[in-house]
Amino acid sequence: MKLTLASFLTLIAGVTVLADHFVVVPFINKTASTFIQWSVMLSAFSTALGGANILAVHTKRMSGKSANRGLSALLLGSMVTWLVIGLKLGMESQVYKFIWDNVYGSLSSTLFALNAFFVASAAYRSFRIRGIDTVILLVTACTVMLGRTGLGEAIYPGMPQVADWLMRVPNTAGMRGITIGGALGAISVSARVILGLERGYGGSERGMGVSGYDL
Amino acid sequence: MAAVNGEWGYRAMTFRRLAVLDSRIVYAAVFLSILLPLWRPLGLSISVSQGTFDVYEVVDSLSQDDTVIVSPSFAPSSEAEVYPQMEAILRHLLARKARVAFVNLNVEGRMYAEKAMTTLAPEFGYNYGEDYVILPFTPGLETAVASISDDFLGTYERDAYGTPLTETGALAGIRSINDFALVVDFNTGDTTIYYIQHAKPRGIPVIAGASGVTVPYLTPYLATGQLSGLIGGLRGAAEYETAIDNPGMALAAMDAQSLSHASILALIGLGNAAYFLAKRDDARTTRRSRQSNGGELK
């Protein structure tokens, strides 16, 4: 019953929003607009649901004998502290901004910056010329990397133009293929969801599996 | 003969060791290549590419009455690349006296909008509410952009600080997305594509600033004209700073990017040289070993 109701609501919402793109019927256009605004509220609710889920999972882990319960405690402590500061003092407060700049921002930037070292190490160990395909890959990578810097321009003034050409022509050709393929896949999955053939989002009424074929 | 074999074996071993160099040496090389230019800049010049010039032209064509959506859709992980782009383009927008509405599709957006305007608003004589507005975080990414494009005032009734939008002078004449002159999205993901899909069909030009890894995903939209301009990575920011004649943090960091890229390329070259020399010497060692044992090879 739950799955049937979810499928029915999905069908109504999907067809209405889809029809909004093709027809000018005030009732359909207004209803689609309302559905789109509801989806923003649902997204906000799902964020809160995600927070509640983290709270539940890590509280359980802390109370058990997990070796990582210290990390769970740290996660929950950080989450609750920042939440309370945000709610009590507001996002404009100096304390909130201090945590943002000196904890969240710094940690996030640092983690990403470490990639530069791992990329260099991985490239040194693994980027080996073993055939014509790797030669093409290496030459392209070198050209784009140098073309995006002042050094490449100092070596050969036309380097940025060559790098731009590589991005505009071969890259665009490849990306178009990937984008069109992805879009066709998205259309087919969307059609299956709207028609009720794909109902993984609703779980299973029997509490096992997510297939939509078991009705 | 044994001595010769030993010599070749030793060389092959040396090259093999070089091919699996200690990670710490690689890390040190990259670290120094970033640190040294920041300490002693090389002053390498940067030319402005056509792509950056296209973005400049779009922004430069705005007039004082135009209102622009600026969407800081990036996180601290890409701040080093994308924030300088945002600051450079904002400088240009504010110099053109355009009114700005910051639309925040991720939680970090508001912090970047506040950070940028704390510096730029006093410099350009901008007042909050009158000349620019920061809108609250809108969850949902694509659905958020669809909602904004479909019904702007239905999505936002108040700004990020709780003031009704009707009381903000900056958005006084705004009834729908069609009243905006431009969307500028700074992204590290798909948000620009959402603006292209939902705002562009309503006639609003979209330009973007993107991190280096995002640029390949967006170039197909440039070719079709769906994206009116794109600046990519730290170089894009440095080019824009050059275009508006206001050298900033991107130009200062470009030397570090130049040398770090060069060091990675040098490491790839060294790794390949070691690999080929080790392979060649392995072959020689095997051949000489066979010769000394049975003399099959002449």
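Return the only residue of A:Val144, A:Val193 being surrounded by 13 or more Cβ atoms within 10 Å (Cβ to Cβ) and more than 10 Å from every other protein chain (Cβ to nearest Cβ).
A:Val193
Suppose we filter A:Ala73, A:Ala32, A:Ala120 for residues that are part of a helix (DSSP H, G or I), facing chain B (nearest Cβ under 10 Å), touching a His at 6+ places or on another chain (Cβ under 9 Å) and surrounded by 12 or more Cβ atoms within 10 Å (Cβ to Cβ); which single one remains?
Result: A:Ala32 is the single residue among A:Ala73, A:Ala32, A:Ala120 that is part of a helix (DSSP H, G or I), facing chain B (nearest Cβ under 10 Å), touching a His at 6+ places or on another chain (Cβ under 9 Å) and surrounded by 12 or more Cβ atoms within 10 Å (Cβ to Cβ).
Within the stretch B:74-88, count every residue that is part of a helix (DSSP H, G or I) and within 10 Å of chain A (Cβ to nearest Cβ).
Within the stretch B:74-88, residues that are part of a helix (DSSP H, G or I) and within 10 Å of chain A (Cβ to nearest Cβ) number 6.
If A:Gln94 satisfies all but one of (1) within 30 Å of B:Ala160 (Cα to Cα); (2) of a type in the set (S, T, N, Q); (3) in contact with a His (Cβ under 9 Å, 6 or more places away or on another chain), what's the number of the condition it fails?
Evaluating A:Gln94 over (1) within 30 Å of B:Ala160 (Cα to Cα); (2) of a type in the set (S, T, N, Q); (3) in contact with a His (Cβ under 9 Å, 6 or more places away or on another chain) leaves (3) as the failure.
Going through the stretch A:142-177 one residue at a time, which ones are hydroxyl-bearing (Ser, Thr, Tyr) and assigned to a helix (DSSP H, G or I)?
Result: A:Thr143, A:Thr172.
Among the residues of the stretch B:150-161, is there at least one that is out of contact with any Asp or Glu (no Cβ under 6 Å at 6 or more places or on another chain), part of a helix (DSSP H, G or I) and of a type in the set (Phe, Trp, Tyr)?
Looking through the stretch B:150-161, at least one residue is out of contact with any Asp or Glu (no Cβ under 6 Å at 6 or more places or on another chain), part of a helix (DSSP H, G or I) and of a type in the set (Phe, Trp, Tyr).
Matching residues to (1) closer than 21 Å to A:Leu138 by Cα; (2) without any contact (Cβ under 8 Å) to a residue 12 or more places away in the chain; (3) more than 14 Å from chain A (Cβ to nearest Cβ):
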residue: B:Pro220; (1), (2), (3): no, yes, no
residue: B:Ser228; (1), (2), (3): no, no, yes
residue: B:Met254; (1), (2), (3): no, no, no
residue: B:Gln257; (1), (2), (3): yes, no, no
residue: B:Phe276; (1), (2), (3): yes, yes, no
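Look at B:Ala113 and say whether it is part of a helix (DSSP H, G or I), touching a residue at least 12 places away in the same chain (Cβ under 8 Å) and touching a Ser or Thr at 6+ places or on another chain (Cβ under 7 Å).
No: the conditions fail for B:Ala113.
For B:Asp60, are the conditions met, namely being more than 8 Å from chain A (Cβ to nearest Cβ), more than 24 Å from A:Leu151 (Cα to Cα) and at pLDDT 95 or above?
So B:Asp60 fits the description; yes.
Would you pick out the residues in the stretch B:47-69 that are in a helix (DSSP H, G or I) and touching a residue at least 24 places away in the same chain (Cβ under 8 Å)?
B:Gly51, B:Thr52, B:Phe53, B:Asp54, B:Val55, B:Tyr56, B:Glu57, B:Val58, B:Val59, B:Asp60
Quick check on A:Ile136: is it aliphatic (A, V, I, L, M), within 8 Å of another protein chain (Cβ to nearest Cβ) and either touching a residue at least 12 places away in the same chain (Cβ under 8 Å) or over 16 Å from B:Ser263 (Cα atoms) (or both)?
no
Taking the conditions exactly as written (out of contact with any strand residue (DSSP E or B) (no Cβ under 6 Å at 6 or more places or on another chain), at pLDDT below 90 and at the interface with chain B (Cβ under 7 Å from one of its Cβ atoms)), does A:Arg128 satisfy them or not?
Yes: the conditions hold for A:Arg128.
Please go through (1) more than 14 Å from chain A (Cβ to nearest Cβ); (2) surrounded by fewer than 18 Cβ atoms within 10 Å (Cβ to Cβ); (3) over 20 Å from B:Leu251 (Cβ atoms) for B:Ala95 and return the number of the only condition it doesn't satisfy.
(3)
Restricting to the stretch B:248-292, and then to whatever is basic (Lys, Arg) and touching a helix residue (DSSP H, G or I) at 6+ places or on another chain (Cβ under 6 Å), can you tell me which residue is farthest from B:Ala237 (Cα to Cα)?
The selected residue is B:Arg288.
Check off (1) within 9 Å of another protein chain (Cβ to nearest Cβ); (2) hydrophobic (A, V, I, L, M, F, W, C); (3) surrounded by 12 or more Cβ atoms within 10 Å (Cβ to Cβ); (4) part of a helix (DSSP H, G or I) for A:Met91 and give me the number that stays unchecked.
In the conditions (1) within 9 Å of another protein chain (Cβ to nearest Cβ); (2) hydrophobic (A, V, I, L, M, F, W, C); (3) surrounded by 12 or more Cβ atoms within 10 Å (Cβ to Cβ); (4) part of a helix (DSSP H, G or I), A:Met91 misses (4) alone.
Going residue by residue through the stretch B:180-199, is there one that turns out to be surrounded by 19 or more Cβ atoms within 10 Å (Cβ to Cβ), assigned by TED's automatic domain parsing to the domain that holds B:Phe152, among the small types (Gly, Ala, Ser) and in contact with a helix residue (DSSP H, G or I) (Cβ under 8 Å, 6 or more places away or on another chain)?
The answer is yes; a qualifying residue exists.
Within the stretch B:217-232, is there a residue that is assigned to a helix (DSSP H, G or I) and more than 29 Å from A:Arg176 (Cα to Cα)?
no
The values are calculated or read from the model by the stated rules, or taken from the named source; none is laboratory data. This is a predicted model, so every value here is computed, not measured. Ideal geometry is used to build each Cβ from the backbone, glycine not excepted, and the neighbour counts take in all protein chains shown.
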